[in-house]
Amino acid sequence: MSEWNIVRFEEISDFKYGKMPKKEKLNKGKYPVFTGYRIAGYYPEFMYEEPQLVVIARGVGGTGNVVISPSYSYVTNLSIVALLDKSKCDLEYLYYYFQNNSLRYLDSGSVQSQITIQNLKNLELPLPEFPIQKKIAYLLKSFDNKIENNRKINETLEAMAQAVFKSWFVDFEPTRAKIAALEAGGSEDDATLAAMTAISGKDKAALELMRTSSPDTYEELKSTANLFPSSFQESELGQIPEGWEVKTVGNAVDTISETYPLKTVSDVIFLNTGDILNGRFLHSNKSDASNLPGQAKKSIREGDILYSEIRPQNKRFAFVCFDGSEHVVSTKLMVLRSTTDISSLFIYFVLTQQSVIDYLQMMAESRSGTFPQITFDVLSKVNYVGPADNQLIYIFTKNIVEPFYRNFISQDKEIQTLTQTRDALLPKLLSGEIDVSALTKAGSEG
């Protein structure tokens, strides 16, 4: 660090304020309108072809954050664009520098948060030689790439499981396949084969190969197909498979409010509504048990569903697949626990269907109050359709969802480890405590 130059930000960058897009042009083009917070629409023209370093200069909750804009973007007046001299500084190095050295202290603190170009110009920045910048950015970016790759794997795994759930219990595709085969003059065996195709995605030739090469797997698939009816019946929700029932979430789970014994522990992992997102737990950090907010009250255990009462569309929900004894959760998180032999993991899939989320959001917005909120009474009335004996639900949970969740949790744990390692390395790399001069990589000198 002692050998690094200290430069003023204006020595390595020009600055420009973003521009307010014209309302009549918004969402009439293909280029992302980037506020600094998010992509807010699309525009027929762009301001910057390449990604740029962007300082959020206005707005609630993000003023002072530094981000990188998308390619071919139109940057709005909520942000300032730093037009870097790329012969002197690396975009990603500066991005990581500002992740470790927040600019939030520059916020004027007035009623309307604001940072100006003048605030940025005289900032003093430690700047190592350009190859060192590239190497530091490369190391940190390698962690972020792996984290992003794991997240994409999890998204794919979840999408696959959700697709099977929708096929079996919402669209009833195996039953429809059976009906279509029978209506075409086929036999019961033809109907079963059609359902096997709907379940597995394999055509007749692939199923025949499975029958000869993996007979046990074939017979298991056939047994599952036989559990689907070959006709429909009328219900209050429309046509559903013959012999199936319309059920409610409240008949399968109940809301639990067991108080966590905070006085018996010195520290604990506190989960608020913002600490879970679409199945993921966003941290595992322990806090002083004597210094927690008043809403830190509820105990949880393995198999519980956590579902935020506030704004269902934000997808603040998760399934507890760990012991839970070291966790206390907010009173704004419903803790749902199974009361029957139906796995709560199945109910989790019911409640995380987009159609259900949309319904709950509508109900939340119809309620008078400070913000859109639901109660267990509303959630308990959510309908789902299933067979009377629950055998198919058991097969879905054991053979499809549980293996998916094991992989999901494995990937998520690796994400947490990678994130913690990256965050530990970040200040050491940016202070020069870790010497990267000997690091070699393709393009590190470019």
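The values are calculated or read from the model by the stated rules, or taken from the named source; none is laboratory data. Here the structure is a predicted model, which means the values were calculated and not measured. In this analysis, Cβ positions are derived from the backbone assuming ideal geometry, glycine residues included, and neighbour counts consider all displayed protein chains.
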Study note, to complete from the structure: Scanning the range 148-184 residue by residue, those without any contact (Cβ under 8 Å) to a residue 12 or more places away in the chain and among the aliphatic types (A, V, I, L, M) turn out to be Ala159, Ala163, Ala184
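Which one of these is more than 16 Å from Ala252 (Cβ to Cβ), β-branched (Val, Ile, Thr) and modelled with pLDDT of 95 or more: Ile357, Ile400, Ile409, Ile347? Before the answer, list the steps.
On the way: Ile400 fails: modelled with pLDDT of 95 or more; Ile409 fails: modelled with pLDDT of 95 or more; Ile347 fails: more than 16 Å from Ala252 (Cβ to Cβ).
The unique qualifying residue is Ile357.
Select, from Lys152, Lys88, Lys146, the only residue that is part of a helix (DSSP H, G or I), surrounded by 14 or more Cβ atoms within 10 Å (Cβ to Cβ) and charged (D, E, K, R).
Lys146 is the lone residue from the list that is part of a helix (DSSP H, G or I), surrounded by 14 or more Cβ atoms within 10 Å (Cβ to Cβ) and charged (D, E, K, R).
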Review point. Which residue, of Leu392, Leu430, Leu439, is over 30 Å from Trp244 (Cβ atoms), at pLDDT 85 or above and touching a Phe, Trp or Tyr at 6+ places or on another chain (Cβ under 8 Å)?
Key: Leu430
Point to revise | Candidates Thr192, Thr175 - the one that is in contact with a Lys or Arg (Cβ under 7 Å, 6 or more places away or on another chain) and surrounded by 14 or more Cβ atoms within 10 Å (Cβ to Cβ) | key: Thr192
Exercise for review: Search the range 51-74 for residues being over 15 Å from Tyr95 (Cβ atoms) and in a strand (DSSP E or B), and hand back the single one that is nearest to the chain's Cα centre (by Cα).
Suggested key: Ser73
Review point. If you check Ile6 against the conditions, is it within 25 Å of Tyr97 (Cα to Cα) and either buried (at least 16 other Cβ atoms within 10 Å of the Cβ) or under 27 Å from the mean Cα position of the chain (by Cα) (or both)?
Key: no
Practice item. Name the residue, out of Thr370, Thr397, Thr421, Thr417, that is among the β-branched types (Val, Ile, Thr) and in a loop (DSSP other than H, G, I, E, B). Key: Thr370
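Pick from Ile409, Ile393: which is under 26 Å from Leu277 (Cα atoms), over 25 Å from the mean Cα position of the chain (by Cα) and in contact (Cβ under 8 Å) with a residue 12 or more places away in the chain? Lay out the reasoning, then the answer.
Details: Ile409 fails: over 25 Å from the mean Cα position of the chain (by Cα).
None of the other options fit; the residue is Ile393.
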Check your understanding: What do you reckon, is Tyr95 assigned to a helix (DSSP H, G or I), modelled with pLDDT of 95 or more and in contact with a strand residue (DSSP E or B) (Cβ under 7 Å, 6 or more places away or on another chain)?
Key -> yes
Study note, to complete from the structure: For the range 1-50 the number of residues that are over 25 Å from Asp85 (Cβ atoms) and either assigned to a loop (DSSP other than H, G, I, E, B) or not assigned by TED's automatic domain parsing to the domain that holds Ala82 (or both) is 13
**Study point:** Residue in the range 214-234 that is assigned to a loop (DSSP other than H, G, I, E, B) and touching a residue at least 60 places away in the same chain (Cβ under 8 Å) present
**Key:** yes
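Suppose we filter Ala296, Ala289 for residues that are crowded, with 19+ Cβ neighbours inside 10 Å and not aromatic (Phe, Trp, Tyr); which single one remains?
Values: Ala289 fails: crowded, with 19+ Cβ neighbours inside 10 Å.
Within the list Ala296, Ala289, the selection yields Ala296.
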Check your understanding: Checking Val54 against (1) over 24 Å from Leu125 (Cα atoms); (2) at pLDDT 95 or above; (3) among the β-branched types (Val, Ile, Thr), which test does it fail?
Key -> (1)
